Amino acid sequence: THIYIGDIGNNNNGARPHFKIYKITKADILNTNGNILVNAEIIKFKYDDQPVKPVVVPANTTNLDCEAMISYKDKLYLFTKQWKGNKTILYELSKKPGEHLAVRKDSLDAGGLITGADLHQANGRIVLTGYTTSGQRFIYLLYGFRDNHFFKGNKRKVTLNGPSQL
């Protein structure tokens, strides 16, 4: 019923104290022609484990960067892009407008930087996309999980040919 647009990146210096997700009703944009103006509800958040005073680091070295998000049941799920650890941390967040904490749920040693996520509603599979620091592209398939324990089910990493995002 909604589209979620994440203003959740943090790769510049890792010191961003607040993040936003814009929640737009699909009905507001369907069956329209041309340019339109829509109102977005705003979900503001911080990570539950980020420092109270943000720590400035060199660009592309933070573990609190994020580009990947899915909407699953009544929550949003963020998959971080860890520049140093090459892991992804899974955070859970309310879909309700207002100010919230993104709660750390789990982690996956992705062996690279996660840059996208998508959920197939019908079969319950999640695909994470990413690349290694050397530029090798990959996808992670997550399936056979229960509830929101995405990393506890089956996982398959598939290496892709071709140029990366670098």
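The values are calculated or read from the model by the stated rules, or taken from the named source; none is laboratory data. These numbers were taken from a predicted model, which means no experiment stands behind them. Cβ: placed from backbone, ideal geometry, glycine included. Neighbour counts: every protein chain shown. Accessible surface is based on the protein model in full, side chains and every heavy atom, while ligands, DNA and RNA are left aside. Shrake-Rupley method; radii C 1.70, N 1.55, O 1.52, S 1.80 Å.
So, with a 1.4 angstrom probe, what is the percent of accessible area on the chain that is carbon and sulfur?
Accessible surface attributable to carbon and sulfur in the chain totals 48 percent.
In the chain, if the dipole is taken from +1 on Lys/Arg beta carbons and -1 on Asp/Glu beta carbons about the Cα centre, which of 56, 110, 40 is farthest to the positive end?
110
So which trypsin sites (Lys or Arg not before Pro) in segment 57-91 pass both tests, a DSSP loop state and at most 16 other Cβ atoms within 10 Å of the Cβ?
Hits after loop and neighbour filter: 73, 84.
Using the Cα gyration tensor of segment 1-68, with a ≥ b ≥ c the square roots of its eigenvalues, what is the shape: rounded (a/c below 1.5), prolate (a/b larger than b/c) or oblate (neither)?
Judged from the Cα gyration tensor, segment 1-68 comes out prolate (a/c at least 1.5, a/b above b/c).
In terms of modelled amide H atoms, which long-range or inter-chain residues lie less than 5 Å from the amide H of residue 100?
44, 45, 46
When the Karplus curve 6.51 cos²θ - 1.76 cosθ + 1.60 is applied with θ = phi - 60°, which whole-Hz ³J(HN,Hα) does each residue of segment 152-160 get, with x for Gly and Pro?
Result, rounded to whole Hz: 8, x, 7, 9, 9, 9, 10, 7, 10.
Can you give the relative contact order of the chain as a percent, counting alpha carbon pairs under 8 Å and 6+ residues apart? Could you put the intermediate results ahead of the total?
On the way: 394 pairs, mean separation 25.4, N = 166.
Relative contact order here is 15 percent.
Between residue 159 and residue 30, what is the label-to-label distance in nm when each label sits 7 Å out along the Cα-to-Cβ direction?
In this crude spin-label approximation the distance works out to 4.2 nm.
Quick check: from the Cα gyration tensor, does segment 121-166 come out rounded (a/c under 1.5), prolate or oblate?
Working: a/c = 3.07, a/b = 2.53, b/c = 1.22.
Taking the square roots of the gyration eigenvalues as a ≥ b ≥ c, segment 121-166 is prolate.
For the pair residue 127 and residue 96, what calculated FRET efficiency results from E = 1/(1 + (r/R0)^6), where r is the Cβ-Cβ distance and R0 = 25 Å, to the nearest 0.05?
For R0 = 25 Å, the calculated efficiency reads 0.40.
Which value, in debye to the nearest 20, describes the size of the charge dipole of the chain about its Cα centre when Lys and Arg Cβ atoms bear +1, Asp and Glu Cβ atoms bear -1, and nothing else is charged? Walk me through the numbers on the way to the answer.
Working: 23 positive and 14 negative charges, 65 e Å.
In total the dipole reaches around 320 debye.
Each residue of segment 67-76 in order: what ³J(HN,Hα) in whole Hz does its phi give by Karplus 6.51 cos²θ - 1.76 cosθ + 1.60, θ = phi - 60°, with x for Gly and Pro?
Coupling constants for segment 67-76: 10, 10, 8, 9, 9, 9, 6, 9, 9, 9 Hz.
List the lysines whose Cα lies under 22 Å from the Cα of residue 73, skipping any in the same chain that are fewer than 8 positions away.
20, 23, 26, 44, 46, 95, 96, 105, 152, 155
Decide, for segment 26-115, between rounded, prolate and oblate: order the square roots of the alpha carbon gyration tensor eigenvalues as a ≥ b ≥ c, take rounded if a/c falls under 1.5, and otherwise choose prolate if a/b is larger than b/c, else oblate. Don't skip to the answer; put the middle values down first.
Numbers: a/c = 1.96, a/b = 1.83, b/c = 1.07.
Note, shape of segment 26-115 comes out prolate.
So if I take the centroid of the Cα atoms in segment 64-96 and the same for segment 123-166, what is the distance between those two points in Å?
Value for the Cα centre distance between the two parts: 14 Å.
Counting heavy atoms of the protein chains only and a 1.4 Å probe, report the per residue accessible area for the chain as a whole number of Å².
In whole numbers, the chain has 57 Å² accessible per residue.
Mind telling me which of 13, 33, 86 comes out most flexible in a GNM of the chain, alpha-carbon contacts under 10 Å?
Among 13, 33, 86, the largest GNM mean-square fluctuation belongs to 33.
Hey, got a sec? Which trypsin sites (Lys or Arg not before Pro) in segment 90-166 land in a DSSP loop and have at most 13 other Cβ atoms within 10 Å?
146
Could you derive backbone 3J(HN,Hα) for segment 93-102 from the dihedral phi with the Karplus parameters 6.51, -1.76 and 1.60 (θ = phi - 60°), listing whole Hz in sequence and x where the residue is Gly or Pro?
Using θ = phi - 60°, the values come out as 9, 5, 8, 7, x, x, 9, 9, 9, 7 Hz.
Within segment 91-106, find all residues whose amide N lies under 20 Å from a label point positioned 7 Å from the Cα of residue 39 along Cα-to-beta-carbon.
Answer for this model: 95-99.
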